[in-house]
Amino acid sequence: MHGETQGRQPPDRDLRSYGRRRGRALSARQKELWHRVLPQIALPNDVGALCQPTGLFASPVKQVWLEIGFGGGEHLIWQATHNPHVGLIGCEPFEDGVVKVLNAVDTDRLANIKVHADDGRPLLRMLPEASIDRVFILFPDPWPKKRHHKRRLVSEDTAAALARILRTGGELRVGTDIGAYACAILQAVLHNQRFAWMAAAPEDWRNRPPDWPPTRYEEKALREGRRCYYFRFRRA
Ligand SMILES: C[S@@+](CC[C@H](N)C(=O)[O-])C[C@H]1O[C@@H](n2cnc3c(N)ncnc32)[C@H](O)[C@@H]1O
């Protein structure tokens, strides 16, 4: 029991959209990071503290970007490193992934990352309206069986929650390597009239933009010969 989220289930309204919370037991170094670094960068979980997200970071930031399901954190860390004036909030319930970000924050002294080591959906309900400039959901768990589709993270409900917290002109980026999920994502997001698909030509969703670094999951999908889809939506 090294995490206070240990064993906690998502609230009833959110069906579990992720797989494991834990992999192998954390090493001594990982446990040390968990206990020392996580409290320093954990997101406060009271609504009052979240009312001004730009004020959450150790360094001054002009915008706040949110990544839900950062996995091993490759994209989150890249964005934080390349955008020092942006505050990054990362949500991830899988401990091994969280520890990778803790390690990068500690080693590279990243002052613009906050971590919510849990389900991102309750956080969406706590964040103020129009408080976030960009949201990333990269390669969400595909839940391929039809009876599990209701567990998929990207849904009309999630799109509505994201439309509320994104400021006008903000951006939502979603990647997937599953064709059927790609269609479902387009349907769910574009069902919401506050989102407009930014693609003008097929190359725009077939190719990853230069400021969207690859993730571990995506690299595996490409190695295994799956096409990836890179969607960008503008919050109108
Ligand atoms: C297939 S992995 C992809 C990870 C990473 N984005 C990548 O591309 O390598 C999906 C990740 O989303 C996380 N996830 C699923 N549902 C989530 C939720 N409701 N809130 C936060 N993270 C979630 C899972 O734990 C998992 O790490």
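The values are calculated or read from the model by the stated rules, or taken from the named source; none is laboratory data. What you are looking at is a predicted structure, and each value in this text was computed from that prediction instead of being measured. All Cβ positions, even for glycine, are placed from backbone atoms using ideal geometry, and neighbour counts span all protein chains on display. Accessible surface is based on the protein model in full, side chains and every heavy atom, while ligands, DNA and RNA are left aside. Shrake-Rupley method; radii C 1.70, N 1.55, O 1.52, S 1.80 Å.
One line per residue, one yes/no per condition, for (1) under 11 Å from the mean Cα position of the chain (by Cα); (2) crowded, with 22+ Cβ neighbours inside 10 Å; (3) part of a helix (DSSP H, G or I); (4) among the β-branched types (Val, Ile, Thr):
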residue	(1), (2), (3), (4)
90	yes, yes, no, no
96	no, no, yes, no
106	no, no, yes, no
115	yes, yes, no, yes
122	no, no, yes, no
135	yes, yes, no, yes
144	no, no, no, no
147	no, no, yes, no
150	no, no, yes, no
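Each residue in region 152-195 was checked for being among the polar types (S, T, N, Q) and over 17 Å from residue 129 (Cβ atoms), and 3 of them qualify. Here residue 111 passes the criteria (1) away from the ligand (no atom under 16 Å from the Cβ); (2) surrounded by 13 or more Cβ atoms within 10 Å (Cβ to Cβ); (3) under 28 Å from residue 155 (Cα atoms) except the one numbered (3). Here residue 66 clears all of (1) of a type outside the set (Val, Ile, Thr); (2) in a helix (DSSP H, G or I); (3) under 18 Å from residue 138 (Cβ atoms) except the condition numbered (2). Which pairs do you get when a residue that is farther than 9 Å from residue 99 by Cα, found in region 30-43, comes within reach of a residue that is surrounded by fewer than 19 Cβ atoms within 10 Å (Cβ to Cβ) and of a type in the set (A, V, I, L, M), reach meaning Cβ atoms under 8 angstrom, with the pair 6+ apart or on two chains? Hits for this filter: 43/50; 43/56. Would region 165-172 turn up any residue that is touching a Gly at 6+ places or on another chain (Cβ under 8 Å) and surrounded by 21 or more Cβ atoms within 10 Å (Cβ to Cβ)? Looking through region 165-172, none of the residues is touching a Gly at 6+ places or on another chain (Cβ under 8 Å) and surrounded by 21 or more Cβ atoms within 10 Å (Cβ to Cβ). Residue 228 falls short on exactly one of the conditions (1) in contact with a Leu (Cβ under 7 Å, 6 or more places away or on another chain); (2) open to solvent by 50 Å² or more (accessible area, probe 1.4 Å), and that condition is (2).
Which of the residues spanning region 152-164 are touching a Leu at 6+ places or on another chain (Cβ under 7 Å) and either away from the ligand (no atom under 15 Å from the Cβ) or open to solvent by 20 Å² or more (accessible area, probe 1.4 Å) (or both)? Within region 152-164, 161 is the sole residue that qualifies.
The residue that is nearest to the ligand (Cβ to nearest atom), counting only those in region 76-108 that are within 17 Å of residue 136 (Cβ to Cβ) and charged (D, E, K, R), is 92. Residues in region 175-198 that are touching a strand residue (DSSP E or B) at 6+ places or on another chain (Cβ under 7 Å) and not in a helix (DSSP H, G or I) were compared, and the one that is farthest from residue 139 (Cα to Cα) is 194. When 105, 61, 99 are screened for being more than 23 Å from residue 168 (Cα to Cα) and touching a strand residue (DSSP E or B) at 6+ places or on another chain (Cβ under 9 Å), only 105 passes. Residues that are farther than 24 Å from residue 176 by Cα and open to solvent by 40 Å² or more (accessible area, probe 1.4 Å) were ranked within region 57-75; the one that is farthest from the ligand (Cβ to nearest atom) is 60. The residues of region 22-56 that are assigned to a loop (DSSP other than H, G, I, E, B), basic (Lys, Arg) and surrounded by 11 or more Cβ atoms within 10 Å (Cβ to Cβ) amount to a single one, 22. Restricting 81, 176 to residues that are open to solvent by 10 Å² or more (accessible area, probe 1.4 Å) and hydroxyl-bearing (Ser, Thr, Tyr) narrows the list to 81. Taking first residues from region 80-102 that are under 18 Å from residue 211 (Cβ atoms) and touching a residue at least 40 places away in the same chain (Cβ under 8 Å) and partners that are more than 10 Å from the ligand (Cβ to nearest atom) and part of a loop (DSSP other than H, G, I, E, B), the Cβ contacts under 6 Å between residues at least 6 apart in sequence or on separate chains come to 86/61.
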